[in-house]
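A.B. asks: For reference, the structure I am asking about is given below.
The values are calculated or read from the model by the stated rules, or taken from the named source; none is laboratory data. These numbers come from a predicted model, not from an experiment. Note that each Cβ is placed from the backbone with ideal geometry, even for glycine, and that neighbours are counted across all protein chains shown.
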Amino acid sequence: MIQFKDVGVTYAGEGALGAVEALRGVTLTIERGELFSLIGPSGCGKSTLLNLAAGLRGPTTGVVTVGGQPMPRPRPDTIAVVFQDYSLFPWRTVVGNIEAGLEFRGVPRAERRDRAMRYLRMVGLEAFAGAVPRQLSGGMKQRVAIARSLSLETPVLLMDEPFGALDEQTRMVLGEEVSQIFAQTQKTILLVTHSLAEAVFLSDRIAVMSGRPGRIREVIQVDAPHPRTPEFMTSKLFHDLRDHIFRLLHDEMRASVLGLHRGARAEDRG
Amino acid sequence: MSRSIAWDRAVLILAGLAVWEAAARLRWLDPDFFSPPTKVVGAMADLATPPVLAAARLTATEVAVAFALAAAVGVGLGLMIGLFPFAYRTFRPIVLLLFSVPKMVMLPLFILFFGIGLTSKAVFAFSLGVFPVLLNVIAGTRMVDRTLVTAAYCMGASQLGIFAKVVLPAALPSVITGLRVGMTQTVLGVLLAELYAANTGLGYYVSLYSQSFKPAQLFALFFLVAALSIVVNEALRAIERRAGRWREEEVEAEGA
């Protein structure tokens, strides 16, 4: 469904920084109906990969296709995007925010309210239909954003660290909820995250990325049926996978956080 | 709590008026310059004469013409400069330079060009009123959250859809703030121009009453103008609060 073929992205240099190579030689295929996670240290280009799939930017080298077609611009009939900062329109009510997406898509007015309410019910927020975003907690805002993306009824959903700004408890509860919803909807989902637990809990497969320039280190399969329950989080499989990814990421994260990356990678190559 | 503050305020104002009344009656103040408040209230009846009412209508017309111009040009040009990076780079420095010129020095020029009638007043008031509108509209348009624009774009919004449903509503509170500040500047401009050179209008009567030592009429006119300005400003502020309710933090007006 989503294909990256030998994709590289280099950002043109600004000022003293010079050109930055964000991605190099990324080849990935995300199957139809799969929940695929990208995880890696900050600055590894995982959000860039998602923007490529969203049609918000093009690759410097290589090819990106969704459903077999290249992505020179967003395809709202095929792809919905959930952003980390919720991106709700603060002047609209909760239900008005969901209707906004349907307005942009050209859904007739008469249909919008019913459809918006249906998806609002799905995320358990129908009681807040008339509230404005300012009155909601972070977790509630993200549920509205998710309901808005689902209401567009696209086969593909892209999520850029959707739970990144939430606290640990909220993201756990939201994760379970989302797992239930996704099991029903059969969408192809690309999820960018930096939470190991979230990636293992939600995904069918996980790509672990290395630091700048971002490359795929390993793709890990999570063999557990959906929807997943909290028990899965205490299973041996969950812990083994989590530990495995942790070991893969640990050095990368240290290097990225301490700013050793360029040097470290130069040694690798040399 | 708030009740007792209101009470304190009323007492303070009444005390002030009482001191003023006493000072004027006891001739501590020169009666050529100060009238007691009771006489000021009486003088309000003098204002209800055909020439003064006609002057008030003219002033209102001048304010309306100048404000309509300031609003149209300020919003139109402001949106253009705010939306298009090329226009922003080209015109914003020019706008800021013109903004910093003391408009007062241009008043004699406007009178030379347009005479002492309505046109020179409206043009001068426009030159004061347009800047708050322009600067607030530019700032409001540029402050629009980029991720909201990206989100709308991903949901299939057209350029026009993004403008109408993302940029305009996001900028609306700043637009209204600009209009409110622009309105006060416009009123100021009209009155200044009338004080400077006119043969009618409220500003002309302010000047006439002060030059002919009629303090009661002067103060009466002053209080009426003040009351009207406060009503207009408060009404605009109420609209501004409504439009900006969704904003989480207060944003200071530019060019106030």
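A.B. asks: For segment A:45-67, give me each residue that is over 19 Å from residue A:19 (Cβ atoms) and free of Cβ contacts under 8 Å to residues at least 24 places away in the same chain.
C.D. replies: Passing the criteria: only A:56.
A.B. asks: Hey, another quick one. How about segment A:67-112: which of its residues are among the β-branched types (Val, Ile, Thr) and within 7 Å of another protein chain (Cβ to nearest Cβ)?
C.D. replies: Hit for segment A:67-112 is A:81, nothing else.
A.B. asks: Okay, next question. Please work out if residue A:147 is within 16 Å of the chain's Cα centre (by Cα) and more than 11 Å from every other protein chain (Cβ to nearest Cβ).
C.D. replies: Yes: the conditions hold for residue A:147.
A.B. asks: Something else about it: Could you run through segment A:39-55 and say how many residues are touching a Gly at 6+ places or on another chain (Cβ under 9 Å) and either away from every other protein chain (no Cβ under 14 Å) or over 17 Å from residue A:157 (Cβ atoms) (or both)?
C.D. replies: Within segment A:39-55, the subset touching a Gly at 6+ places or on another chain (Cβ under 9 Å) is A:40-46, A:48-49, A:52.
Imposing the further condition that a residue be either away from every other protein chain (no Cβ under 14 Å) or over 17 Å from residue A:157 (Cβ atoms) (or both) reduces the set to A:40-46, A:48-49.
Within segment A:39-55, residues that are touching a Gly at 6+ places or on another chain (Cβ under 9 Å) and either away from every other protein chain (no Cβ under 14 Å) or over 17 Å from residue A:157 (Cβ atoms) (or both) number 9.
A.B. asks: With segment B:152-221 as the region, which helices (runs of 4 or more DSSP H) entirely inside it contain at least 3 residues that are within 13 Å of chain A (Cβ to nearest Cβ) and more than 30 Å from residue A:155 (Cα to Cα)?
C.D. replies: Of the helices (runs of 4 or more DSSP H) lying wholly inside segment B:152-221, those with at least 3 residues that are within 13 Å of chain A (Cβ to nearest Cβ) and more than 30 Å from residue A:155 (Cα to Cα) span B:168-196.
A.B. asks: I need the full set of residues from segment A:104-114 which are surrounded by fewer than 21 Cβ atoms within 10 Å (Cβ to Cβ) and either part of a loop (DSSP other than H, G, I, E, B) or under 24 Å from the mean Cα position of the chain (by Cα) (or both), in order please.
C.D. replies: A:105, A:106, A:107, A:108
A.B. asks: Quick check: is even one residue across segment A:152-172 more than 21 Å from the chain's Cα centre (by Cα), modelled with pLDDT of 85 or more and either part of a loop (DSSP other than H, G, I, E, B) or under 19 Å from residue A:34 (Cβ atoms) (or both)?
C.D. replies: Among the residues of segment A:152-172, not one is more than 21 Å from the chain's Cα centre (by Cα), modelled with pLDDT of 85 or more and either part of a loop (DSSP other than H, G, I, E, B) or under 19 Å from residue A:34 (Cβ atoms) (or both), which makes the answer no.
A.B. asks: Based on this model, can you work out whether residue B:129 counts as within 14 Å of chain A (Cβ to nearest Cβ) and assigned to a helix (DSSP H, G or I)?
C.D. replies: When the stated conditions are applied, residue B:129 does not pass them.
A.B. asks: Go through (1) under 14 Å from the mean Cα position of the chain (by Cα); (2) touching a residue at least 12 places away in the same chain (Cβ under 8 Å) one by one and return the number of the condition residue B:107 breaks.
C.D. replies: So residue B:107 meets the others, but not (1).
A.B. asks: Still on this structure: Report yes if some residue within segment A:168-185 is among the hydroxyl-bearing types (Ser, Thr, Tyr), crowded, with 20+ Cβ neighbours inside 10 Å and under 24 Å from residue A:55 (Cα atoms); otherwise report no.
C.D. replies: So the first thing to find is which residues in segment A:168-185 are among the hydroxyl-bearing types (Ser, Thr, Tyr), and the list is A:170, A:179, A:185.
Filter once more, so that each one left must be crowded, with 20+ Cβ neighbours inside 10 Å: none.
Checked against the condition, which is being among the hydroxyl-bearing types (Ser, Thr, Tyr), crowded, with 20+ Cβ neighbours inside 10 Å and under 24 Å from residue A:55 (Cα atoms), segment A:168-185 yields no hits at all.
A.B. asks: Still on this structure: I need a count of the residues in segment A:1-58 that are among the acidic types (Asp, Glu) and in contact with a helix residue (DSSP H, G or I) (Cβ under 7 Å, 6 or more places away or on another chain).
C.D. replies: Number satisfying all stated conditions: 0.
A.B. asks: Return yes or no: is residue B:138 buried (at least 23 other Cβ atoms within 10 Å of the Cβ), over 30 Å from residue B:194 (Cα atoms) and either more than 10 Å from every other protein chain (Cβ to nearest Cβ) or at pLDDT 90 or above (or both)?
C.D. replies: Judged against the criteria, residue B:138 is a match.
A.B. asks: Exactly one of (1) farther than 26 Å from residue A:55 by Cβ; (2) assigned to a loop (DSSP other than H, G, I, E, B) is unmet by residue A:212. Its number?
C.D. replies: Of the numbered conditions (1) farther than 26 Å from residue A:55 by Cβ; (2) assigned to a loop (DSSP other than H, G, I, E, B), the odd one out for residue A:212 is (1).
A.B. asks: Same structure again: Looking only at segment A:56-66, count every residue that is within 13 Å of chain B (Cβ to nearest Cβ) and over 15 Å from residue A:157 (Cα atoms) and tell me the total.
C.D. replies: Final tally of qualifying residues: 1.
A.B. asks: Still on this structure, please answer the following. Does residue A:130 count as surrounded by fewer than 22 Cβ atoms within 10 Å (Cβ to Cβ), within 14 Å of chain B (Cβ to nearest Cβ) and more than 27 Å from residue A:71 (Cβ to Cβ)?
C.D. replies: Yes: the conditions hold for residue A:130.
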